[in-house]
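Only one structure is covered here, and it is reproduced in the block below.
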Amino acid sequence: MTHTPPSVTEAPVASHRQTNARILPLLAPFIEAGRRILDLGSGAGYMTQKVAALLRDKQIDPGRHLLAMDLFGESYRCEGVPFQQADLNERLPLEADTFDAIYSIEVIEHLRRPYDFLAECHRVLKPGGLLVFSTPNTLHALSRLKQLFSGFSDLYVPPSIKPENGGRLCGHIMPLPYAYHVYGLRRAGFTHIEFVPDRIKRGAMAFAILLFPFFKLTSLLHQRRVRRYGADVYAENAAALETTNSFAMLSSRSCIITARKEKPHVA
């Protein structure tokens with residue numbers, strides 16, 4: 001089902017505004033005629049409105065270049081941009097190689113099948129396309145302490161199976177650390193995977209500064225153990241291991257990740 005909502009004021013934002021502000025420039029190369037962008041988990045349409053505004057600034061019709069998708073559309077409000085209902089835990093009702101860029105903000109932690117979701121993103125992206133998504137950072141220093149003492153990472157609480165709780169913190173059911181997102185992306189076929197820091201979380205930064213020497217030492221010892229376990233496993237994960245205990249990861253509120261669908265090699 002696809003529909004275009006009437007004109008309304010700015011949509012409410014479920015994720016942090018600064019996270020949206022960090023992601024918007026990453027999409028800038030795709031804000032041009034002939035490019036198609038997909039908003040997965042659009043919610044009320046806050047980010048959809050921001051992307052649509054950039055398209056209009058370039059005299060580009062957002063209705064032809066931008067599509068929003070989510071499980072429910074009752075709260076969606078973005079003038080001129082079509083909305084299509086879809087369960088993001090399932091196969092996307094879209095053709096392969098359709099979009100130049102996909103963004104998904106604070107969505108993957110709500111999904112039962114995150115690796116299948118990443119595979120679907122890869123399928124519907126065109127070769128050379130970009131995926132950008134964000135999720136609560138389970139690895140910042142404060143989150144690690146919360147996990148140690150409470151058993152739950154920051155922004156994660158005991159989960160609920162009630163549908164009406166899906167958009168709340170108890171709907172965060174997939175607290176994957178960065179290396180496991182990288183695994184899912186690589187498994188799906190993505191390359192050029194990068195971590196982009198979100199805004200600094202002050203409480204996390206304080207602990208990161210205090211404990212940084214400890215994190216670096218334990219990181220080096222862990223990397224050594226991984227090398228002994230298997231050189232091939234270390235080679236697969238070297239970049240993710242380095243990022244896991246970087247100061248940026250230890251202090252960033254959210255984990256923003258970008259990845260590319262590789263273009264086929266021409267002989």
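The values are calculated or read from the model by the stated rules, or taken from the named source; none is laboratory data. Everything quoted here is computed from the prediction, not taken from an experiment. Here the Cβ is made from the backbone with ideal geometry for all residues, glycine too, and neighbour counts use every protein chain on show. Heavy atoms of the whole protein, side chains included, go into the accessibility calculation; ligands, DNA and RNA do not. Shrake-Rupley method; radii C 1.70, N 1.55, O 1.52, S 1.80 Å.
Residue by residue through the stretch 157-181, note down the ones that are without any contact (Cβ under 8 Å) to a residue 24 or more places away in the chain and closer than 29 Å to residue 216 by Cα. Those that are without any contact (Cβ under 8 Å) to a residue 24 or more places away in the chain and closer than 29 Å to residue 216 by Cα: 157, 180.
As a summary of the residue check, residue 54 satisfies the conditions (1) crowded, with 16+ Cβ neighbours inside 10 Å; (2) hydrophobic (A, V, I, L, M, F, W, C); (3) at pLDDT below 95 except for the one numbered (3). In the stretch 201-228, the residues that are within 24 Å of residue 256 (Cα to Cα) form Cβ pairs under 6 Å with partners that are of a type in the set (D, E, K, R) and crowded, with 17+ Cβ neighbours inside 10 Å, at six or more places apart or across chains, as follows: 201/253. For the stretch 178-208, the set of residues classified as among the β-branched types (Val, Ile, Thr) and modelled with pLDDT under 95 consists of 200 only.
When you look at residue 186, is it over 22 Å from residue 18 (Cα atoms) and touching a Phe, Trp or Tyr at 6+ places or on another chain (Cβ under 7 Å), yes or no? It is false that residue 186 is over 22 Å from residue 18 (Cα atoms) and touching a Phe, Trp or Tyr at 6+ places or on another chain (Cβ under 7 Å). Any chance the stretch 57-78 includes a residue that's part of a helix (DSSP H, G or I) and either of a type in the set (Lys, Arg) or open to solvent by less than 10 Å² (accessible area, probe 1.4 Å) (or both)? Yes, some residue in the stretch 57-78 is part of a helix (DSSP H, G or I) and either of a type in the set (Lys, Arg) or open to solvent by less than 10 Å² (accessible area, probe 1.4 Å) (or both).
Looking at the stretch 20-36, which of its residues are without any contact (Cβ under 8 Å) to a residue 60 or more places away in the chain, assigned to a loop (DSSP other than H, G, I, E, B) and open to solvent by 40 Å² or more (accessible area, probe 1.4 Å)? Passing the criteria: 32, 33, 34. In the set 175, 163, only one residue is out of contact with any Lys or Arg (no Cβ under 8 Å at 6 or more places or on another chain), at pLDDT 95 or above, farther than 30 Å from residue 264 by Cβ and not aromatic (Phe, Trp, Tyr); that residue is 175.
Residues that are within 17 Å of residue 264 (Cα to Cα) and of a type in the set (Lys, Arg) within the stretch 75-134 comprise 123, 126, listed in sequence order.
The residues in the stretch 197-227 that are open to solvent by 100 Å² or more (accessible area, probe 1.4 Å) and either touching a Pro at 6+ places or on another chain (Cβ under 8 Å) or closer than 18 Å to residue 179 by Cβ (or both) can be counted, and the count is 4.
Restricting 94, 145, 118 to residues that are in a helix (DSSP H, G or I), surrounded by fewer than 19 Cβ atoms within 10 Å (Cβ to Cβ) and not aromatic (Phe, Trp, Tyr) narrows the list to 145.
Here residue 44 passes the criteria (1) surrounded by fewer than 24 Cβ atoms within 10 Å (Cβ to Cβ); (2) in contact with a helix residue (DSSP H, G or I) (Cβ under 7 Å, 6 or more places away or on another chain); (3) closer than 19 Å to residue 108 by Cβ except the one numbered (2).
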